[in-house]
Structures are given as C-alpha cells and as structure tokens.
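K.L.:
Below you'll find the structure I mean.
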Amino acid sequence: MKSSQLFTRTRKQAPADETSKNAQLLIRAGFVHKEMAGVYAYLPLGLRVIENIKTIVREEMNTINSNELIMTGLQRKEVWDKTGRWNDDVVDVWFKSKLKDGTEVGFGWSHEEPIVEMIKQHINSYKDLPVSLYQFQTKLRNELRAKSGIMRGREFVMKDMYSFHNSAEELEDYYNLAIEAYKRVFNRLGIGKDTYVTFASGGAFTKFSHEFQTICEAGEDVIYLHRGKNIAINEEVIDDAVKELGIKREDLEKVNTAETGNIFNFGSQKADEIGLKVSGPDDKEQSVYLGSYGIGITRVMGVIAEKMSDDKGLVWPENVAPFKVYLASLGDNEQVTKAADELYALLQKNNIETLYDDRSVRPGEKFADADLMGIPHRIVISEKTIQAGTLEYKSRTGTDTKMITKQELLEILG
C-alpha cells in the first residue's frame, strides 16, 4: 500500500475525552475511529492488525481440529430462557430489542446457548462426537463502564470456540489441549511471557473458569503471582486458592492485568438444560459435555498497543504489525522516486508487506509517522543513499540507523 492511497492521516492529539493510552495511540496513528465510549470503528491499518491476530488464532484453533463457522448476532429469547440467562438479574449486559411482530430478541454477548441449540440438528449419536466449532464474531455487551479504550468495549470482536464431548474425561483432555493452543497464540502475539493462566470465578458462565491474564498496568483486573512456582491466582478467589495450594499470601506479588482469554468447563449442565442428548453405545440417551473458549481479538490488540509503545508511538510485534516495512522516499528527485519504486516492487515480489510513504512532505514528518504507526522496519531512500549505493535502515526498537545493501535488507527481513 502507498501512503497516498490511505484516506486516514496521523494526528498530533487524540480526542480530549479519550483517556486510555491504547486508544489515544491508535486514534492518533490512524488505526481506529472513536464513535462513542466503548465503540470504535477499525480503519484500514487497524483492520490489518485485527486480521493478523485472527490468522494466528485461526491457525492454532485449526491445529486442535476445530472447524470455523459464523453464527448470527441475533438471539432468540426462548433459547436463553432454557438456562435462565435471558434474565437481566443473571446476565446484566444484554442489549435487547423487538422485531416488528413483537418477538423479543437479544444481540449476542456470547453464543453458548445458540450453538448448543444448533448442534441438536446435526448430531444424534456418540459416534458423531467430539465436535469443536469456532467463530470470529462481533459481540455486544451493555457494559456499565467503558473507559479502557478497545481493552473494554461495548462492541468488540471475539473468537469463541465450543467443543462437544461424550464424557467428562474427553472434555478434560480437549480442555487441556485448548489451554496449550492458547499459550501458543499468546506467544506468537508477543505477550506470552506476561500472560498467565489463572483460576477464577465463572461469573454468569459457570461456577469456575480459567482466565488468561496479561500483566498490564492499565488492566482492570488484579492477580497474585508466585513467580518461583509459576502460579497465578485471580484476586476474587485468592483466599480459597491459598488454602488449596498451600502457599503463603506474603509470597505472592500483586499485579494489574487485563483478561485476554477465558475458558469454561460446563460439564453436561448446559447441554442438559437445552435438551441436547445423543444415543450411546447401548442405544440409551446420554449427556453431552460442553467446553467454551474465548479470546478477545480487539481486546488483545488494545493490550498489545498499551504494553508495546514508547514516547514516540506504537511498537508492534512483527506478527501483528499492519506492515512489516515502512519505505520512505525523501525529496522529489526522479532518481530517488525511481529507486524507491523499484525497491517497493522488489519487496512486493518477495511477499514482504510494505507501506510505501510516497507523500511530498518533510522527512521529519515521515519519520514521526513511521514511529507513531509502530511498523517494525524503516527503510529510507534519498539522494545520499543513491550516491552511496545503499539503503538507510532502522529498526523500530533500535536507536541507530545503518547503511545496508538490498541483499542485506532481504536477509534482515527473512
């Protein structure tokens, strides 16, 4: 992509009503547009980041034999009535409306009930199991507070996965596979070393759950770490956990975190409530066991932006950056333009995602934009580099520039 083709522009200041660092940076860099508190539009650069995150998540869900689908965001009241979760006293984040004929509907905040209802039409026997399904869905939650930018929104993109099994043991095995897949996801996203699996309350979902909590100063959660034993405990269950694990509270470190993933073992309760049964080996009806697994795609994007930034702007990991290379041509010299065009073509030929800054603006403005956008590698072509027969290279995380050849650049970029 060329900068001249982008309709978005960087800005020096974020909106006065935006207090979260992640949203301030993403707005200033042209990744998102704020519609209202907790609601953001994702612009071309932001969408590229989202798609990169989704690709990583998709690849890891596929490794544990889950199938992708997409469900509707409209929810039927009668399905949720079966489990009691249509009740606002049980789930207090519903957005609800009515169809023209007066039928009550909800806007999806989660999809356990609808997917269990759907799967009833597709499985009949224990031989049809296990089944695992996932989707990338826009969720709507009527949150009381929405002050953490895209880390806590009223509208957000989530990957939610659901697995169906013949037994508690089979579900437990898959549940553990999902935990390992999630760890790989967070490692690939560049936040694995700061992300912990914690034991937590299940809230409106189930009695207990496991959360994936990422250390983040702006996070709204608190966990307690025992770094020596690699144990992480959510604050809400700290008393019970200390007793069960036999550790001393004074040995635990209190840290702020953001919840980036959450998984639930529903056992057979959810399927039983909705009436999902299959015939067993003895032709008698048997229960189906359900697991539910979520990763907040846009929330993860916000956490990365919050954690990986400096006084100049964003610092994206290569796996999620909107582009791998920021190519800037300096000046209007025809030779410079030709050399930059040729390098851009070479990078495209080698499938290296590049943002080519072809604008007629001052060098300082281009460099400031490159830093603000957080693209990992910056290449500059100028009259000086042409005379030297080299390219000017700088890493976003580095402090110095160096002169390199095209071949050396391709080696750096892998």
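The values are calculated or read from the model by the stated rules, or taken from the named source; none is laboratory data. Given the structure is predicted, the values throughout are model-derived calculations rather than measurements. Neighbour counts are summed over all protein chains in view; Cβ atoms, including those assigned to glycine, are modelled from backbone coordinates with ideal geometry.
K.L.:
For the stretch 18-49: of the residues being in contact with a strand residue (DSSP E or B) (Cβ under 9 Å, 6 or more places away or on another chain) and free of Cβ contacts under 8 Å to residues at least 12 places away in the same chain, which is surrounded by the most Cβ atoms within 10 Å (Cβ to Cβ)?
P.N.:
My answer is HIS33.
K.L.:
What number of residues within the stretch 218-273 are over 30 Å from ILE53 (Cβ atoms), of a type in the set (A, V, I, L, M) and touching a Ser or Thr at 6+ places or on another chain (Cβ under 7 Å)?
P.N.:
Going through the stretch 218-273 one residue at a time, the tally reaches 1.
K.L.:
Here is a further query. Residue by residue through the stretch 36-57, note down the ones that are at pLDDT 95 or above and in a loop (DSSP other than H, G, I, E, B).
P.N.:
Matches in the stretch 36-57: LEU43 only.
Listed here are the residues, each with its yes/no results for (1) crowded, with 16+ Cβ neighbours inside 10 Å; (2) modelled with pLDDT of 95 or more; (3) over 19 Å from the mean Cα position of the chain (by Cα).
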{"residue": "LEU189", "(1), (2), (3)": "yes, yes, no"}
{"residue": "GLY202", "(1), (2), (3)": "yes, no, yes"}
{"residue": "PHE208", "(1), (2), (3)": "no, no, yes"}
{"residue": "ALA218", "(1), (2), (3)": "yes, no, no"}
{"residue": "LYS229", "(1), (2), (3)": "no, no, yes"}
{"residue": "GLU244", "(1), (2), (3)": "no, no, yes"}
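K.L.:
Check off (1) of a type outside the set (Phe, Trp, Tyr); (2) in a helix (DSSP H, G or I); (3) free of Cβ contacts under 8 Å to residues at least 40 places away in the same chain for LYS100 and give me the number that stays unchecked.
P.N.:
Every condition holds for LYS100 apart from (2).
K.L.:
While we're looking at this one, here's another question. For the stretch 56-83, which positions are without any contact (Cβ under 8 Å) to a residue 60 or more places away in the chain and farther than 19 Å from PHE136 by Cα?
P.N.:
ARG76, LYS77, GLU78, TRP80, ASP81
K.L.:
If you don't mind, there's one more thing I want to ask. Would you call GLY364 surrounded by fewer than 14 Cβ atoms within 10 Å (Cβ to Cβ), out of contact with any Asp or Glu (no Cβ under 8 Å at 6 or more places or on another chain) and outside any helix (DSSP H, G or I)?
P.N.:
For GLY364, the condition - surrounded by fewer than 14 Cβ atoms within 10 Å (Cβ to Cβ), out of contact with any Asp or Glu (no Cβ under 8 Å at 6 or more places or on another chain) and outside any helix (DSSP H, G or I) - is not met.
K.L.:
For GLU273, work out the one condition from (1) surrounded by fewer than 21 Cβ atoms within 10 Å (Cβ to Cβ); (2) in contact (Cβ under 8 Å) with a residue 60 or more places away in the chain; (3) part of a strand (DSSP E or B) it doesn't fulfil.
P.N.:
(3)
K.L.:
Only residues that are in a helix (DSSP H, G or I) and surrounded by fewer than 20 Cβ atoms within 10 Å (Cβ to Cβ): list them for the stretch 156-173, please.
P.N.:
ALA168, GLU169, GLU170, GLU172, ASP173
K.L.:
Can you pull out every residue in the stretch 1-35 that is over 17 Å from ARG48 (Cβ atoms), part of a loop (DSSP other than H, G, I, E, B) and of a type in the set (Lys, Arg)?
P.N.:
Selection gives ARG11, LYS12.
K.L.:
Looking at the stretch 121-155, which of its residues are without any contact (Cβ under 8 Å) to a residue 40 or more places away in the chain, closer than 20 Å to ASN166 by Cβ and assigned to a loop (DSSP other than H, G, I, E, B)?
P.N.:
Those that are without any contact (Cβ under 8 Å) to a residue 40 or more places away in the chain, closer than 20 Å to ASN166 by Cβ and assigned to a loop (DSSP other than H, G, I, E, B): GLN121, HIS122.
K.L.:
Just wondering, is there one or more residues in the stretch 329-345 that are within 30 Å of SER20 (Cα to Cα) and assigned to a strand (DSSP E or B)?
P.N.:
no
K.L.:
Name the residues in the stretch 367-414 that are surrounded by 15 or more Cβ atoms within 10 Å (Cβ to Cβ), touching a strand residue (DSSP E or B) at 6+ places or on another chain (Cβ under 7 Å) and among the hydrophobic types (A, V, I, L, M, F, W, C), would you?
P.N.:
ALA370, LEU372, MET373, ILE375, ILE379, VAL380, ILE381, LEU391, ILE404, LEU409, LEU413
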